[in-house]
Amino acid sequence: MKKLLLIFAAFAVAFGASAQFSLTPKDPTNVVWQDFGSSVLGQSNLKFKIDLKDATFGIDLNPANVSYSIFTDDDQIFTFTVDDYGSMDGITEDMTEIPYGFGKHSMNDSIVFFYRTNNENPPFFTERIGIQVYYNFNGTKTASNIVYTYLESVTPATPANATDLVWTPGDGTDWSSKFEFDIIPPVDVDGNALMQSNVSYTIFYDYDKPYTFLYEEYGPYDYLHGMTGDMTEIPFSLIHGYITPGAIHFLHKPDFWRIGVQVYYTIDGVRSASDIVYLMIGEEPEYILGDVNGDHEVDINDVSDLISYLLDNNVAIIQQAANIDGNSEIDINDLTDLIDMVLGL
């Protein structure tokens, strides 16, 4: 039966019997919203795949007869206006139906760019965005379903990892040590350009500890142009005056055994992050002074464990880490010194 239907369909297409028979396009697939901008500035896109086949019989569709529309929220059709999109090739009048191949990204996937500007605040959709495919043949237009993707399930594009990490130890004088890395130009993991105003990064050292740039050390020198206070997350706009690669100078040679960088991309308060990419610049220590319990942190838990140890509660500790004053004995003086360490005194 299916074979007979297919033969009938082929004859119908061949002889233009569109009044009795029509082809319906398949629903678009791989519909993904990528938010590369904010609610007030930026360029974002909707990625999708259109299969140029009839939904019922799998008959090839003529790309010249395929088009699509974008829908938002309550099935509202989106208009590509000349004012906003006239710079894109092919937009010569306001359009709600876009020919297949317009803004085509690759042979298998298409991409539609959206400009989110001050004229669109809030953005042109707040809950969902979708696409519907049409097939126009001999004056008859058929349509797929509208396939939606939802804003609530969207996260910002994931920034690519930093590359080309280089550590220069320097001679111990001010600013002589330097950490270099490349995040220019900032792109996502697929190589798409990111809005620089939405990019930031944090420097990490040792056991995933974020480095704090103290304003009293870095601010007066205007090293990070625009610092207003202590910072652990640095906006891309404040990166030191290098075109490529990025470089961070340190006021004094820090006592690190590894150093790394993580890149962030933030959209409307939602942030995605690259991996922390590390560079080994020394040997990992056998223990950390004050890290009594060996969890790579010096905190109140270490104080609690050291108190239990001193009270002979059979608590296992790292002896070298607990000997704060270095006199080879673990006693109340070490506890006092550890409390000072935890309090930052």
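In table form, for the structure just shown:
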| item | result |
| --- | --- |
| Selection from region 290-320 of residues that are in contact (Cβ under 8 Å) with a residue 40 or more places away in the chain and either surrounded by 14 or more Cβ atoms within 10 Å (Cβ to Cβ) or outside any loop (DSSP other than H, G, I, E, B) (or both) | Gly290, Val292, Glu297, Val298, Asp299, Ile300, Asp302 |
| Contacts under 6 angstrom Cβ, first residue in region 260-273 being more than 26 Å from Phe250 (Cα to Cα), partner among the acidic types (Asp, Glu) and in a loop (DSSP other than H, G, I, E, B), 6 or more apart | Ile267/Asp35 |
| In region 9-58, residue modelled with the lowest pLDDT [restricted to those that are surrounded by 14 or more Cβ atoms within 10 Å (Cβ to Cβ) and aromatic (Phe, Trp, Tyr)] | Phe21 |
| Residues being at pLDDT 75 or above and within 24 Å of Thr29 (Cα to Cα) - total across region 76-109 | 12 |
| Pick from region 245-270, criterion modelled with pLDDT under 85 and within 14 Å of Gln196 (Cα to Cα), ranking: surrounded by the fewest Cβ atoms within 10 Å (Cβ to Cβ) | Thr266 |
| Residues being surrounded by 14 or more Cβ atoms within 10 Å (Cβ to Cβ) and farther than 11 Å from Val292 by Cα - total across region 335-345 | 4 |
| Lone unmet requirement of (1) more than 20 Å from Pro285 (Cβ to Cβ); (2) part of a loop (DSSP other than H, G, I, E, B); (3) at pLDDT 90 or above for Asn333 | (2) |
| Filtered residues of region 177-228 (kept if in contact with a helix residue (DSSP H, G or I) (Cβ under 7 Å, 6 or more places away or on another chain), assigned to a loop (DSSP other than H, G, I, E, B) and either modelled with pLDDT under 85 or among the charged types (D, E, K, R) (or both)) | Leu224, His225, Gly226, Met227 |
| Residue, farthest from Phe113 (Cα to Cα), within region 59-89, restricted to residues that are more than 31 Å from the chain's Cα centre (by Cα) and surrounded by fewer than 16 Cβ atoms within 10 Å (Cβ to Cβ) | Ile59 |
| Qualifying positions in region 133-151 - in contact (Cβ under 8 Å) with a residue 40 or more places away in the chain and touching a Phe, Trp or Tyr at 6+ places or on another chain (Cβ under 6 Å) | Val133, Thr142, Ala143, Ile146, Thr149 |
| Criterion (loosely packed, with under 15 Cβ neighbours inside 10 Å, of a type outside the set (A, V, I, L, M, F, W, C), assigned by TED's automatic domain parsing to the domain that holds Asp83 and at pLDDT 80 or above) met by exactly one of Gly130, Gly139 | Gly139 |
| Residue in region 272-283 that is part of a loop (DSSP other than H, G, I, E, B), small (Gly, Ala, Ser) and surrounded by fewer than 18 Cβ atoms within 10 Å (Cβ to Cβ) present | yes |
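The values are calculated or read from the model by the stated rules, or taken from the named source; none is laboratory data. Note that the structure is a prediction, hence the values are computed from the model and not measured. Please note: Cβ atoms are built from the backbone with ideal geometry, for glycine as well, and neighbour counts cover all protein chains shown.
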